[in-house]
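Enquirer: Sharing a structure, written as structure tokens. Questions coming.
The values are calculated or read from the model by the stated rules, or taken from the named source; none is laboratory data. This one's a predicted model, so the numbers in the text were calculated from it and none came from an experiment. Cβ placement follows ideal geometry from the backbone for every residue including glycine, while neighbour counts extend to all protein chains displayed.
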Amino acid sequence: MGAEVLLYGYGLVCLSMLAFNLLYSLHLRSDDRRRRRRTEGLRRRVDAQLERLRETRVGAPPPVQVSHLTWTSRCLARVNYLLAFDRLLDEQDQSDSTFQEYIRQLQPVLLYLATVYLRREETQAAYYCHFLARHQLQRHMEMDQIQQVVLSFLRRDSLYCKVNALKALCSFGSPDILADALQELSREESAQLHEKVVTEALLTYTGDRAALIELLWARFDRFSLRLQRAVLDYIRFCSGAWGRPMAQILRDPARNKELRFSAIRYFGRYPDEGARQLLLDFVRDRDPLRWEYAAISASALARYPGQEVVDALLRAMHSPNWYVRYNASTSLEAHGLTYEEMLEVLAGDDRYAREMLSYRLESRRLEEQAAAAAAERQKGVAVGV
Amino acid sequence: MRDFIQFFLLCVEAFFIIYMIGYSSFLFLSVTVGSSDLYAAKRRNLLKNELGNDYYVPVSVLVPAHNEEVTIEATVRSLLALDYKLYEIIVVDDGSTDGTTQVLRDAFRMRRIDRPIQRRIPCQMEEEVYESREWKVPITLVRKQNGGKADALNMGINAASYPYFLCMDADSVLQHDSLEKIVRPVLEDPKVVAVGGTVRPCNGAEIENGRVVRYRMPRKLLPCMQVLEYDRSFLASRILFDRFNGNIIISGAFGLFLKSVVIAAGGYDSTTMGEDMELAVKLHVYCRENGRPYRIRYVTDAVCWTQVPERLGDLCKQRRRWHIGLFQSMMKYRGIMANPRYGAVSFVSYFYFLLYELFSPYIEVFGVLTTLLAFAVDLINVPFMVLFFGIYVVYAALLSLTAFFARVHTVDLRLYPSDLLKAVGLCVAEVSCLRFIMAWVRMTALIGYRRKKHTWGRIERQRIQIK
């Protein structure tokens, strides 16, 4: 009889869940309508303030009404209204000076809201940071105080909160605060962000990149390994002016191999005579345990001219490692050797090298045919027009 | 004798009560956790608690195919429509005897190429390799000697250029955003080595450029019942297991894997029928035995649409294969059972699959037989039996409907009233009829299974409604 009662109990809860599903479905149907209504309500109030600012453009702009600021602080503390406000901002002409003035005067509200959302549950906190990041508030104001508050969002457990807060800081933060942010993120080994996420966020930074990179180098050893990789990738995408510290990483055998790989990639993108010999040494190294260095260096040497490099790459074609051979063949092609020439050089010598070269040759032909076909199609379209 | 039978039936009754309480508690817990998880995910998406689209992880999409000339072109075209930038498509034709290779060569203007394939996992030899660079992403076709689906996947892994690979079926369609969604766990947690996506029946759905433009419950009853069944199983157990890294199955129709770990673990086992489950369990074993921190994740919003069998014969064949695959994986990795080193994977996931998946058909048929015995010796309270069966049917139907509605509402599918009626009516039929037929099929699956171990499961293919 106990089992029966338990089943009745479970059934009752399921029935409640079913009822919840149905009610939720009805709620969803009216959700859009409610959001539109909220946006309209906000629009009326914001438009009134914009009108007020426009009317007295001559001389110093009048302040936005205190009552409006108070109402906005109260209203936007509710996440559904913040969503509606987000939508409203999307519809505004961001370049309009009156609108920018309005946003500038809203700064105390945004600061207040930052302290409110910092205490909210993770999803709402993350959304607030998303809101700040999206509307690129750096154009409107000096956000010194809010930067410190947003830094605190990085301490929340939610991954999204961390990512959105980092993006917000990249949107309006100073180099100092960004370096602080990376240090903050380095603290928890268990909650490390993926290096791609960090690099992408850093790439959205619109301030002085050189100043940021300088600071990141200065604090490099305080970052976790994952973030160090992200920083090196960021530098690689941004600038070729950091050869010296990169060379130090490349030369230092005590450094983690992933960091050294990043440095090799950097020198592949920005050729540097100082790195040439080291890259050649890596390619010539036949130690199977160090094949990754050889493979990445083979790729990096594509932009280093000289017979010595070609000879090293031709020798690398005999490597037992597939990736080394593949990258070497691609780099040799970049050096202007046709695959027919390379095949001649290596003829009868090594089956694996021959196979790889002939594959690269055929791949190149396929790519050329594809490009020709695309051009043909383009021509057809143009003629059609 | 009668006393003995009475005692026997008493023991059976006690066993079934414990078994039922365990099962219903598990279902209850998983459906409630699953539903709440879906609603939380919807809320998270609304509040932009998600990673953006720019973090592209390179993925090789592997499509093993055997006699798929009817569907393969549509499948590859749907893959070309994915909202993702960094991927390649590798179709492995596992010795098809129909025009699979020819269809692909003609449709995508593929050219034969002498491509060396690094054989890091053993598989049958390649016969021909074709490539095309004329499309959004590179397409490769490897035609090889027949060796089964697992062998074809191993070939795909060997040919893959990228660090992650995604396996799928040749008769499936990935939703336009599925690749972007399935890689998110990898970005969220660097320890993730595999991610399972959600598989949904596409019978009845109209798909345009990877987007579902019209969704109806399938016209035929059998696929309709499978829609309910898929919702229940994907929503229920997988979300719950995901909470404690306990998923020991990633559907072969849609799963993402870290290539290096799969290669280190030995790739797919071509001697088993359930290669998808075998690989997931193998990854648990490999990572735990080698002390590698890992996560196997399941994501609800990465969706793959697949054809489910429309004929009972095909469905029986499919389920037989699944059951044999389950049996082989459970037997191969029996060391996990009650092994504290495996934690919840052992004491929850493994035991769940053992008791409520592998043994369930035998237990259910045994239950029916003992009911008949009790009836024969007049030791059964018929009204109570009918009541109990009624409660069971209503309870299971309620769970199915809860899963169904939770899924429909949280992915913004609009249902027609006739579809609702179908769902309500068929959830009862699914629980009270189809389930017992499947129990019988699964129970007899192991008879003579050794003879079938290298074959591809064939079901009659329909052209997928893709525009």
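Enquirer: Looking only at residues in region B:386-405 that are among the hydroxyl-bearing types (Ser, Thr, Tyr) and within 18 Å of residue B:17 (Cβ to Cβ), which one is farthest from the other protein chains (Cβ to nearest Cβ)? Full working, then the answer.
Expert: Keep residues of region B:386-405 that are among the hydroxyl-bearing types (Ser, Thr, Tyr), which gives B:392, B:395, B:400, B:402.
Now narrow it down to the ones that are within 18 Å of residue B:17 (Cβ to Cβ): B:392, B:395.
Working: B:392: 7, B:395: 5 Å.
Among them, the one singled out is B:392.
Residues are listed down the side, and each one gets a yes or a no for (1) more than 24 Å from residue B:216 (Cβ to Cβ); (2) touching a residue at least 24 places away in the same chain (Cβ under 8 Å); (3) touching a helix residue (DSSP H, G or I) at 6+ places or on another chain (Cβ under 6 Å):
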residue: B:333; (1), (2), (3): yes, yes, yes
residue: B:351; (1), (2), (3): yes, no, no
residue: B:377; (1), (2), (3): yes, yes, yes
residue: B:386; (1), (2), (3): yes, no, no
residue: B:400; (1), (2), (3): no, yes, yes
residue: B:416; (1), (2), (3): no, yes, no
residue: B:419; (1), (2), (3): no, yes, no
residue: B:425; (1), (2), (3): no, no, no
residue: B:438; (1), (2), (3): yes, yes, yes
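Enquirer: Look at residue A:114 and say whether it is within 14 Å of chain B (Cβ to nearest Cβ), free of Cβ contacts under 8 Å to residues at least 60 places away in the same chain and of a type in the set (Gly, Ala, Ser).
Expert: Details: within 14 Å of chain B (Cβ to nearest Cβ): no; free of Cβ contacts under 8 Å to residues at least 60 places away in the same chain: yes; of a type in the set (Gly, Ala, Ser): yes.
Here the answer is no, as residue A:114 does not meet what is asked.
Every residue, every condition in (1) closer than 29 Å to residue B:271 by Cα; (2) surrounded by fewer than 19 Cβ atoms within 10 Å (Cβ to Cβ); (3) without any contact (Cβ under 8 Å) to a residue 24 or more places away in the chain, yes or no:
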{"residue": "B:76", "(1), (2), (3)": "yes, no, no"}
{"residue": "B:85", "(1), (2), (3)": "no, yes, no"}
{"residue": "B:96", "(1), (2), (3)": "yes, no, no"}
{"residue": "B:104", "(1), (2), (3)": "yes, no, no"}
{"residue": "B:109", "(1), (2), (3)": "no, yes, no"}
{"residue": "B:115", "(1), (2), (3)": "yes, no, no"}
{"residue": "B:119", "(1), (2), (3)": "yes, yes, no"}
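Enquirer: Could you check how many residues of region B:49-74 are within 14 Å of another protein chain (Cβ to nearest Cβ) and either over 24 Å from residue B:258 (Cβ atoms) or in contact with a helix residue (DSSP H, G or I) (Cβ under 9 Å, 6 or more places away or on another chain) (or both)?
Expert: From region B:49-74, those within 14 Å of another protein chain (Cβ to nearest Cβ) are B:49-59; that's our starting set.
Restricting the remaining residues to those that are either over 24 Å from residue B:258 (Cβ atoms) or in contact with a helix residue (DSSP H, G or I) (Cβ under 9 Å, 6 or more places away or on another chain) (or both) gives B:49-57, B:59.
Residues in region B:49-74 being within 14 Å of another protein chain (Cβ to nearest Cβ) and either over 24 Å from residue B:258 (Cβ atoms) or in contact with a helix residue (DSSP H, G or I) (Cβ under 9 Å, 6 or more places away or on another chain) (or both): 10 in total.
Enquirer: Restricting attention to region A:162-203, report how many residues are touching a helix residue (DSSP H, G or I) at 6+ places or on another chain (Cβ under 8 Å) and either assigned to a loop (DSSP other than H, G, I, E, B) or more than 23 Å from residue B:294 (Cα to Cα) (or both).
Expert: Of all residues in region A:162-203, those touching a helix residue (DSSP H, G or I) at 6+ places or on another chain (Cβ under 8 Å) come to A:162-186, A:191-199, A:201-203.
This time we only want the ones that are either assigned to a loop (DSSP other than H, G, I, E, B) or more than 23 Å from residue B:294 (Cα to Cα) (or both), so: A:164-184, A:192-194, A:199, A:201-203.
So the count comes out to 28.
Enquirer: Now for a different question. Give, as residue ranges, the strands (runs of 3 or more DSSP E) completely inside region B:163-219 that count at least 1 residues that are farther than 28 Å from residue A:198 by Cβ and more than 16 Å from the chain's Cα centre (by Cα). Reasoning before the result, please.
Expert: Values: elements: B:164-168, B:172-174, B:192-201, B:205-208, B:211-215.
Per the criteria, B:205-208, B:211-215.
Enquirer: Let me ask something else about it. Provide a single number: the residues in region A:100-134 that are assigned to a helix (DSSP H, G or I) and over 21 Å from residue A:51 (Cα atoms).
Expert: If we filter region A:100-134 for residues that are assigned to a helix (DSSP H, G or I), which is where we start, we get A:100-105, A:107-118, A:122-134.
Applying the additional criterion that residues be over 21 Å from residue A:51 (Cα atoms) yields A:110-118, A:122-134.
Residues that pass the stated criteria total 22.
Enquirer: Are any residues in region B:20-32 buried (at least 17 other Cβ atoms within 10 Å of the Cβ) and more than 10 Å from chain A (Cβ to nearest Cβ), and if so, which ones?
Expert: Quick first cut of region B:20-32, residues buried (at least 17 other Cβ atoms within 10 Å of the Cβ) only: B:20, B:23-24, B:26-28, B:30-32.
B:23, B:26, B:30 - these are the residues of region B:20-32 that are buried (at least 17 other Cβ atoms within 10 Å of the Cβ) and more than 10 Å from chain A (Cβ to nearest Cβ).
Enquirer: Any residue in region A:307-315 that is within 12 Å of chain B (Cβ to nearest Cβ), of a type in the set (Val, Ile, Thr) and buried (at least 18 other Cβ atoms within 10 Å of the Cβ)?
Expert: To start, the set of residues in region A:307-315 that are within 12 Å of chain B (Cβ to nearest Cβ) comprises none.
No, the conditions are met nowhere in region A:307-315.
Enquirer: Conditions first: (1) part of a loop (DSSP other than H, G, I, E, B); (2) within 26 Å of residue A:67 (Cα to Cα); (3) modelled with pLDDT of 90 or more. Residue A:141 passes all but one, so which condition is the exception?
Expert: Residue A:141 satisfies all of (1) part of a loop (DSSP other than H, G, I, E, B); (2) within 26 Å of residue A:67 (Cα to Cα); (3) modelled with pLDDT of 90 or more except (3).
Enquirer: In region B:38-61, what residues are hydroxyl-bearing (Ser, Thr, Tyr) and outside any loop (DSSP other than H, G, I, E, B)? Walk me through it before giving the result.
Expert: Pass one, region B:38-61, residues hydroxyl-bearing (Ser, Thr, Tyr): B:39, B:55-56, B:60.
Of everything in region B:38-61, those that are hydroxyl-bearing (Ser, Thr, Tyr) and outside any loop (DSSP other than H, G, I, E, B) turn out to be B:39, B:60.
Enquirer: Within region A:215-237, is there a residue that is modelled with pLDDT of 95 or more and of a type in the set (S, T, N, Q)?
Expert: yes
Enquirer: Is it the case that region B:19-39 has a residue that's of a type in the set (A, V, I, L, M, F, W, C), out of contact with any Pro (no Cβ under 6 Å at 6 or more places or on another chain), within 30 Å of residue B:378 (Cβ to Cβ) and without any contact (Cβ under 8 Å) to a residue 40 or more places away in the chain? So that I can check it myself, show each step before the final result.
Expert: The initial filter retains those residues of region B:19-39 that are of a type in the set (A, V, I, L, M, F, W, C), namely B:20-21, B:26-29, B:31, B:33, B:38.
Filter once more, so that each one left must be out of contact with any Pro (no Cβ under 6 Å at 6 or more places or on another chain): B:20-21, B:26-29, B:31, B:33, B:38.
Among the residues that remain, those that are also within 30 Å of residue B:378 (Cβ to Cβ) are: B:20-21.
From the residues that got through so far, the ones that are without any contact (Cβ under 8 Å) to a residue 40 or more places away in the chain too are B:21.
Within region B:19-39, one or more residues are of a type in the set (A, V, I, L, M, F, W, C), out of contact with any Pro (no Cβ under 6 Å at 6 or more places or on another chain), within 30 Å of residue B:378 (Cβ to Cβ) and without any contact (Cβ under 8 Å) to a residue 40 or more places away in the chain.
Enquirer: Out of the residues in region B:234-268 that are β-branched (Val, Ile, Thr) and in a helix (DSSP H, G or I), which is surrounded by the most Cβ atoms within 10 Å (Cβ to Cβ)?
Expert: At the first step, the residues of region B:234-268 found to be β-branched (Val, Ile, Thr) are B:239, B:248-250, B:261-263.
Cutting the leftovers down to in a helix (DSSP H, G or I) gives us B:239, B:261-263.
Working: B:239: 23, B:261: 16, B:262: 25, B:263: 16.
Top of the filtered list is B:262.
Enquirer: Next up: Within region A:19-30, track down each residue that is within 9 Å of chain B (Cβ to nearest Cβ) and at pLDDT 75 or above. Talk me through it step by step, then tell me what you get.
Expert: Within region A:19-30, the subset within 9 Å of chain B (Cβ to nearest Cβ) is A:20-22, A:24-25, A:28.
Passing the criteria: A:20, A:22, A:24.
Enquirer: May I pose another question? So, of the residues in region B:48-64 that are at pLDDT 90 or above and more than 13 Å from residue B:139 (Cβ to Cβ), which turns out to be surrounded by the fewest Cβ atoms within 10 Å (Cβ to Cβ)? Step through it out loud before you land on a result.
Expert: To start, the set of residues in region B:48-64 that are at pLDDT 90 or above comprises B:57-64.
Subsequent filtering for residues that are more than 13 Å from residue B:139 (Cβ to Cβ) retains B:57-59, B:64.
Details: B:57: 21, B:58: 16, B:59: 25, B:64: 29.
The residue in question is B:58.
Enquirer: Please verify whether residue A:73 is of a type in the set (Ser, Thr, Tyr), in a helix (DSSP H, G or I), over 30 Å from residue A:209 (Cα atoms) and in contact (Cβ under 8 Å) with a residue 40 or more places away in the chain, treating the condition exactly as stated. Steps first, answer last, please.
Expert: Values: of a type in the set (Ser, Thr, Tyr): yes; in a helix (DSSP H, G or I): yes; over 30 Å from residue A:209 (Cα atoms): yes; in contact (Cβ under 8 Å) with a residue 40 or more places away in the chain: yes.
For residue A:73, the condition - of a type in the set (Ser, Thr, Tyr), in a helix (DSSP H, G or I), over 30 Å from residue A:209 (Cα atoms) and in contact (Cβ under 8 Å) with a residue 40 or more places away in the chain - is met.
Enquirer: Scan the strands (runs of 3 or more DSSP E) fully inside region B:82-159 and keep the ones with 2 or more residues being of a type in the set (A, V, I, L, M) and away from every other protein chain (no Cβ under 14 Å). I'd like the intermediate steps shown before the answer.
Expert: Working: elements: B:87-94, B:126-132, B:139-144.
Ranges flagged: B:87-94.
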